[in-house]
């Protein structure tokens, strides 16, 4: 049987955004965000960079472009993208990931994309946690060797339009007591909102790395949720079902407190039954995660009371 020939990235983009105006390495389309009447949306397929020169809608990675424009169903047609010095320079990544004047958050000056040659310790640590090359590319994981975040994996967060809005830094040295560091002031954001589809059930997990192993998930960066949380706002606005999948060492009372809070805002809430002491990553590595994610129960006040009785007895 004759194998079907794969389409080029340029062909896929043309099918999605229409016929482009060509300018050197750039393909210029009508902007999918601001719909300006001129073709000012530039995509450089070779460098995997994209930017609208009118509304500044921009980002890195063709896959991220498809995610940001609600074309995630075409992502698997694209070849794997790779950061290296011949395709995307470190300077280009920094430029595209830097924030606007209205957003005080930016990546550390020492940030380096992990897929540039080297970074053996960082890559070994990630591989040990089950994180693949494709994960590194998709989530733009980086590393720092100096400064406040030295010896740490940098995990950026992007909003729904592909703009950097926060990051967390996780040590890859297991003897370091301070596992996580982050900018001192945390904005009210949906961490990696670019990957969230609010029309489907959304999973809430604890940490940024847990988020890699649970589809359509948001890391709380802790085990609580604030009253003014943007997650709450988005869930209410979109009438989204929420599923809690917190680590096994979180007390049931704390889980039910979050569930009760969300439920009080007319959000349908389910809870993944993690009766182990393991976190999401440990469950993934042990092969137990699929069963945990299948075993979810709808939250009710009665269930909460029964769990509290079990804790006391």
Given the residues 207, 151, which is the only one that is under 25 Å from residue 271 (Cβ atoms) and in contact with a strand residue (DSSP E or B) (Cβ under 9 Å, 6 or more places away or on another chain)?
207
Selection from segment 10-30 of residues at pLDDT 90 or above, surrounded by 15 or more Cβ atoms within 10 Å (Cβ to Cβ) and either outside any helix (DSSP H, G or I) or not assigned by TED's automatic domain parsing to the domain that holds residue 65 (or both) yields 20, 27, 28, 29, 30
Whether any residue in segment 43-60 is at pLDDT 90 or above and either assigned to a loop (DSSP other than H, G, I, E, B) or within 27 Å of the chain's Cα centre (by Cα) (or both) is what I want to check.
yes
For segment 34-50, which positions are surrounded by 16 or more Cβ atoms within 10 Å (Cβ to Cβ) and over 23 Å from residue 137 (Cβ atoms)?
39, 40
Taking segment 257-272, which residues are under 10 Å from residue 243 (Cβ atoms) and surrounded by fewer than 18 Cβ atoms within 10 Å (Cβ to Cβ)?
268, 270
Can you tell me how many residues in segment 210-221 are without any contact (Cβ under 8 Å) to a residue 60 or more places away in the chain and either over 17 Å from residue 292 (Cβ atoms) or part of a loop (DSSP other than H, G, I, E, B) (or both)?
5
Residue list for segment 196-205, restricted to those being farther than 9 Å from residue 218 by Cβ and surrounded by 13 or more Cβ atoms within 10 Å (Cβ to Cβ)
197, 198, 201
Meets criteria (touching a residue at least 24 places away in the same chain (Cβ under 8 Å), more than 15 Å from residue 62 (Cα to Cα) and in the same structural domain as residue 64 (by TED's automatic domain parsing)) for residue 33
yes
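The values are calculated or read from the model by the stated rules, or taken from the named source; none is laboratory data. It should be emphasised that the depicted structure is a prediction, and the values quoted were computed from it without experimental measurement. Glycine gets a Cβ as well: all are built from the backbone with ideal geometry, and neighbour counts include every protein chain shown.
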